[in-house]
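Comments concern the structure below.
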Number of protein chains: 2
Amino acid sequence: MALEPPTHADAAACERGDAALSRAFSFLGKRWTAVVLGCLRPGPAGFRELSRAIGGVSDSVLSDRLSELTEQGLVARTVDEGPPVAVFYELTERGRALMPALDQISTWAREHLSQGEA
Amino acid sequence: MALEPPTHADAAACERGDAALSRAFSFLGKRWTAVVLGCLRPGPAGFRELSRAIGGVSDSVLSDRLSELTEQGLVARTVDEGPPVAVFYELTERGRALMPALDQISTWAREHLSQGEA
DNA sequence: AGTAGCAGCTAGGAAAATAGAAGCGACCAG
DNA sequence: CTGGTCGCTTCTATTTTCCTAGCTGCTACT
């Protein structure tokens with residue numbers, strides 16, 4: 001039986017929750033996104049503050065990530081036009097809603113991915 | 001008070017669960033990884049079968065993803081040396097352990113990321 | 001004044017990830 | 001024998017991603 005009617009189990013086989021998953025990973029998978037979200041978790045932070053806290057990310061990339069996250073509505077950018085203009089980013093509700101999922105992956109990683117492994 | 005001693009809240013500010021998270025995303029974030037895992041969820045599948053089911057992925061990339069996943073112990077590669085050599089991939093326990101997390105992200109994406117949005 | 005911090009953006013190029021096509025050995029049906 | 005399937009691997013071209021480095025403008029401390 002090399003000719004099992006492949007009329008099913010093809011495109012329909014996957015496509016369960018993958019479309020959504022793919023879209024999520026399209027930006028969650030970017031190099032610093034998760035870290036940025038992690039740094040924002042404790043509370044609001046300014047650009048330079050994040051830059052320092054993360055350490056190793058360039059302004060341009062940080063700026064990109066922050067923009068993407070803002071576009072997706074995961075973080076909010078607030079400008080305080082006081083004499084010294086100040087800006088701070090913080091998680092939105094949508095962003096917070098993602099935290100549990102991130103935690104779960106993090107937990108899984110700790111349990112199943114020893115850091116010593118290649 | 002522009003000089004709040006920044007001696008704290010710097011490097012230590014993030015680095016909570018991010019190291020693990022980053023490692024997880026280092027391969028979960030790759031373009032087809034999540035989809036492959038999703039396709040493997042229902043049960044074992046052969047290379048060509050996956051290729052067809054996913055549709056849009058090239059052999060080379062699929063091969064890569066499968067190798068990475070196998071290395072990480074998320075999927076198992078079994079060879080059946082029967083007369084017609086057959087190979088099939090399937091999720092390991094470690095791989096299955098990740099499913100709930102993936103589901104959670106998927107759910108989050110469905111709820112907070114309308115596909116119509118940019 | 002001079003120095004230093006904050007908030008970003010832009011340019012340019014190196015590096016990495018992808019897609020797509022082709023090739024190889026085996027096997028099975030006609 | 002010929003054609004089609006399976007399971008990959010290798011090669012190249014293109015796209016995407018990331019990092020380095022510099023720059024503008026404003027405020028505040030010394």
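The values are calculated or read from the model by the stated rules, or taken from the named source; none is laboratory data. As the structure is a prediction and not an experimental result, all values here were calculated from the model. FYI the Cβ positions are ideal-geometry reconstructions off the backbone, even for glycines, and counts take in every protein chain you see. Heads up: the accessible areas ignore ligands, DNA and RNA and are worked out on the full protein's heavy atoms, side chains in. Shrake-Rupley method; radii C 1.70, N 1.55, O 1.52, S 1.80 Å.
Here is how the numbers come out for the structure above:
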quantity: Residues satisfying the stated conditions in segment A:51-76, i.e. within 25 Å of B:W108 (Cα to Cα), touching a residue at least 12 places away in the same chain (Cβ under 8 Å) and facing another protein chain (nearest Cβ under 9 Å); calculated: A:Q72, A:G73, A:L74
quantity: Residue in segment A:19-36 that is most open to solvent (accessible area, probe 1.4 Å), counting only those that are within 13 Å of DNA strand C (Cβ to nearest atom) and under 18 Å from B:V57 (Cβ atoms); calculated: A:S26
quantity: Within segment B:47-62, tally of residues that are near DNA strand C (Cβ under 9 Å from one of its atoms) and surrounded by 13 or more Cβ atoms within 10 Å (Cβ to Cβ); calculated: 3
quantity: Tally, over segment A:71-93, of residues that are assigned to a helix (DSSP H, G or I) and at pLDDT 95 or above; calculated: 1
quantity: Residues (under 14 Å from the mean Cα position of the chain (by Cα) and within 11 Å of chain A (Cβ to nearest Cβ)) located in segment B:77-92; calculated: B:T92
quantity: Long-range neighbours under 9 Å by Cβ, at least six apart or interchain, first residue near DNA strand D (Cβ under 10 Å from one of its atoms) within segment A:77-90, second part of a strand (DSSP E or B) and acidic (D, E); calculated: A:A86/A:D80
quantity: Residue in segment A:96-114 that is more than 19 Å from B:S106 (Cα to Cα) and away from every other protein chain (no Cβ under 13 Å) present; calculated: no
quantity: Within segment B:20-50, considering residues that are among the aromatic types (F, W, Y) and more than 9 Å from chain A (Cβ to nearest Cβ), the one farthest from DNA strand D (Cβ to nearest atom); calculated: B:F27
